[in-house]
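Reviewing the structure listed below.
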Amino acid sequence: MNSLRLAAGAGPSGRALIELREVWKTYRMGKVEVHALRGVSLAVAEHEFLAVMGPSGSGKSTLMHLMGCLDLPTRGTILFDGADISSLKGSELAEIRGRQIGFVFQTFNLVHTLTALENVELPMIFQGAPRASRRARAVELLERVGLSDRLQHRPNELSGGEQQRVAIARALANDPKIVLCDEPTGNLDSAAGMRVLESLRDLNEEGRTVILVTHDAEAAGYARRRVQMRDGRMVEAAEEALR
Ligand SMILES: Nc1ncnc2c1ncn2[C@@H]1O[C@H](COP(=O)(O)OP(=O)(O)OP(=O)(O)O)[C@@H](O)[C@H]1O
Ligand SMILES: [Mg+2]
């Protein structure tokens with residue numbers, strides 16, 4: 001079962017972009033231990049569009065944090081582009097995260113005092129990009145998500161769908177290989193949600209790896225493969241592309 005699952009996620013080179021082997025994540029709350037992940041194995045190939053589904057509390061966000069180098073596993077191995085990242089230092093994880101991974105969250109997580117343009121520029125400032133080039137790129141990214149007439153708007157002057165599209169533009173700022181999305185349509189109506197999902201599909205079609213955490217079957221339908229979490233375990237894996 002395990003080897004089948006790994007094979008389904010492996011690219012033409014046979015190597016996965018992200019691979020989890022028997023990964024556990026245990027949170028300690030005083031004397032109580034919460035096993036958020038209980039031995040998850042999963043391989044995500046380059047250029048995949050994968051949906052991670054499952055009920056509330058099943059471990060989806062925990063899984064996403066580990067795949068996004070935001071946190072380390074308690075046990076097990078995580079390979080990123082073939083390199084073991086299971087016990088890296090915080091600064092080393094941040095380095096991978098800053099260059100290779102873009103995030104989109106349910107609550108947009110934009111900086112409220114900054115304009116759309118400045119929000120998209122921010123990750124490029126962290127990476128030390130020169131002012132002129134980062135501004136030009138931010139404009140281009142906002143144009144791509146259909147917001148060229150909203151550059152100077154602050155988050156509270158934008159609709160939810162527009163804010164999420166700013167967040168997508170921001171996620172692309174440093175040209176990441178992987179875009180990780182945690183319930184990106186959770187706070188949107190269906191039309192705005194569909195537009196966000198279409199943007200994610202475009203990103204995937206241009207070669208980026210997209211991982212979408214959702215409990216919405218319709219949203220998951222945009223992905224080319226779906227896996228199911230339950231109680232910290234992956235209960236259903238490696239469904240092949242249907243669309
Ligand atoms: N920082 C933390 N400290 C302690 N327990 C945590 C922490 N983060 C998550 N948990 C617990 O781990 C389990 C998995 O949480 P997780 O957030 O991964 O679930 P989820 O599938 O994303 O749920 P939802 O669909 O509601 O977002 C839950 O029981 C949760 O209470
Ligand atoms: Mg969650």
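Please count how many residues of the range 193-214 are closer than 24 Å to Arg21 by Cα and surrounded by fewer than 22 Cβ atoms within 10 Å (Cβ to Cβ).
Matching residues across the range 193-214 total 1.
Answer yes or no: is there a residue in the range 33-40 that is within 21 Å of Val227 (Cα to Cα), at pLDDT 95 or above and more than 14 Å from ligand 1 (Cβ to nearest atom).
Checked the range 33-40: at least one residue is within 21 Å of Val227 (Cα to Cα), at pLDDT 95 or above and more than 14 Å from ligand 1 (Cβ to nearest atom).
When the range 212-235 is examined, which residues are found to be within 14 Å of ligand 2 (Cβ to nearest atom), farther than 10 Å from Leu197 by Cα and of a type in the set (A, V, I, L, M, F, W, C)?
Once the filter is applied, which keeps residues that are within 14 Å of ligand 2 (Cβ to nearest atom), farther than 10 Å from Leu197 by Cα and of a type in the set (A, V, I, L, M, F, W, C), the range 212-235 yields Val213, Met229.
Based on this model, can you work out whether Arg28 counts as surrounded by fewer than 16 Cβ atoms within 10 Å (Cβ to Cβ), under 16 Å from the mean Cα position of the chain (by Cα) and of a type in the set (D, E, K, R)?
no
With the structure loaded, tell me whether Leu66 is within 15 Å of ligand 1 (Cβ to nearest atom) and among the aliphatic types (A, V, I, L, M) or whether it fails that test.
So Leu66 passes the test.
Select from the range 56-88 the residues that are surrounded by fewer than 17 Cβ atoms within 10 Å (Cβ to Cβ), assigned to a loop (DSSP other than H, G, I, E, B) and touching an Asp or Glu at 6+ places or on another chain (Cβ under 9 Å) and list them in ascending order.
Result: Gly57, Asp81, Gly82.
The values are calculated or read from the model by the stated rules, or taken from the named source; none is laboratory data. The shown structure was predicted, so the numbers you read here are calculated from the model rather than taken from an experiment. Don't worry about glycine lacking a Cβ; one is built from the backbone with ideal geometry, like all the others, and counts go over all protein chains shown.
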